[in-house]
Amino acid sequence: MKLFKKWLMKGQRKNTSITYEEMKLRRNKNPEVILLDVRSRQEYEEYHLPGSICIPLYLLEEQVEKHMPKDAEIIIYCQMGGRSKTAVKLLTKMGYQNVCHIEGGLDAIQTK
């Protein structure tokens with residue numbers, strides 16, 4: 001949680017948002033891209049994007065290294081985009097280089 005607290009005081013340095021369409025293109029081009037859902041387990045069980053894995057935001061710092069190498073391409077999503085944006089910042093602070101999130105989360109996807 002130390003990294004998370006440090007991050008809260010700093011802003012995001014670059015734009016790491018992509019659209020749902022861009023996510024589909026990236027996954028079609030590279031099936032190794034990891035699609036990470038940072039919502040709660042209950043939210044994930046109710047609905048999730050096919051092929052995604054769930055690590056809730058509150059567990060991300062302690063569990064991510066068990067599941068994903070630091071050189072992996074990771075696309076993160078949540079319901080509205082707030083938690084995924086936080087997750088991008090956290091993973092970047094932890095040394096992950098190729099991380100982005102779906103702007104607007106599932107809400108943006110479901111309104112299309």
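Computed from the coordinates by the stated procedures, all read-outs in this text should not be read as laboratory data. This structure is a prediction, so every number in the text was calculated from the model and none was measured. All Cβ positions, glycine included, derive from the backbone under ideal geometry; neighbour counts span all protein chains shown.
With neighbour counts taken as other beta-carbon atoms within 10 Å, the residues I34, I102, I53 rank, fewest first, as I53, I34, I102. Once both labels are positioned 7 Å from their Cα atoms along Cα-to-Cβ, the gap between Y58 and K24 label points is 3.4 nm. Express the relative contact order of segment 34-112 as a whole percentage, based on alpha carbon pairs under 8 Å and six or more residues apart in sequence. Over segment 34-112, the number comes to 31 percent. Per the Kirkwood formula applied to alpha carbons, segment 2-110 shows a radius of gyration over Rh ratio, Rg over Rh, of 0.93.
The ranking of C78, C100, C54 by Cβ neighbour count inside 10 Å, starting from the fewest, reads C54, C100, C78.
Applying a threshold of 23 Å to the alpha-carbon distances of K70/K93; K29/K70; K66/K93; K24/K93; K66/K89 flags K24/K93 as lying beyond it. Local charge for S40 was computed over the other residues whose Cβ lies under 11 Å away, with Lys and Arg +1 and Asp and Glu -1, and equals -1. With each label modelled as a point 7 angstrom along the Cα→C-beta vector, the E32-H67 pair spans 2.0 nm.
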